[in-house]
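Read the structure below first, then the notes.
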Amino acid sequence: MTKQHNPVGLSYIHQQTEKVNQKEKFYFDKEQDEFILYYPTFSQNKKDELFVELVETINYYEQNNAPFISNDFELIRYTEFLIFKHFSSLKDELDGKSYEIHKETADKIYTTGLHKIFKELVFNDDEINKVIEQLYSISELAEKMLVELDKQQEKLKSESQTENLKEQSSIQ
């Protein structure tokens, strides 16, 4: 029996796109019709937007010398908040709001226990873990780039000092 080949084509790509754009409802209280719309599968575009927002938020707080994230736990917790935002109907409500409103909302979600509900009941662990793994990959890459940048700066500084010494010795 010959195995049939089934090459991936445009229809497969279309199906995958529909999958990442499919929203579902999570009911907090069905009788009161209290729910949130969310994406069970995370698209790469939305993950990219999440990381851009994370970097912009960190930069904002650093530029304003305001306390924000002081350890890995807080970084993960805020990243998870951004997951909840970017992959649910919270995005529509929070877009355009200040950094302070975002931080306040993240703190309220954590304080009220909604963070745990989102993490354990609404969103898929595998999808959350993919985002956290990507966060660590980005962090590692950024650290490597900073180390390389430091090396290049030291090299330029050394070359500049050598050039200055040559100029001084030729003047004498």
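The values are calculated or read from the model by the stated rules, or taken from the named source; none is laboratory data. Remember, it's a predicted structure, so these values are computed and weren't measured experimentally. No Cβ is skipped: glycine too gets one built from the backbone with ideal geometry, and neighbour counts run over all protein chains shown.
Points to keep in mind about this one:
- In this structure, L82 does satisfy being free of Cβ contacts under 8 Å to residues at least 40 places away in the same chain and out of contact with any Cys (no Cβ under 9 Å at 6 or more places or on another chain).
- Qualifying residue in the stretch 88-100 (condition: under 20 Å from Q134 (Cβ atoms), in contact (Cβ under 8 Å) with a residue 40 or more places away in the chain and either of a type outside the set (D, E) or in contact with a helix residue (DSSP H, G or I) (Cβ under 7 Å, 6 or more places away or on another chain) (or both)): yes
- Against the numbered list (1) modelled with pLDDT under 95; (2) outside any loop (DSSP other than H, G, I, E, B); (3) over 17 Å from the mean Cα position of the chain (by Cα), F26 comes up short only at (1).
- Any hit, the stretch 107-122, residues being surrounded by 15 or more Cβ atoms within 10 Å (Cβ to Cβ), in contact with a His (Cβ under 6 Å, 6 or more places away or on another chain), in contact (Cβ under 8 Å) with a residue 12 or more places away in the chain and under 18 Å from F28 (Cβ atoms): yes
- Any chance E49 is of a type in the set (D, E) and within 21 Å of E127 (Cβ to Cβ): yes
- For the stretch 74-82, the criterion of being modelled with pLDDT of 95 or more, over 18 Å from the mean Cα position of the chain (by Cα) and either aliphatic (A, V, I, L, M) or under 18 Å from F42 (Cα atoms) (or both) is met by none of the residues.
- Hey, L114 closer than 16 Å to L50 by Cβ and over 15 Å from the mean Cα position of the chain (by Cα) or not: no
- Candidate set: the stretch 88-111, residues that are within 17 Å of I58 (Cα to Cα) and of a type in the set (G, A, S); chosen: the one nearest to the chain's Cα centre (by Cα): A106
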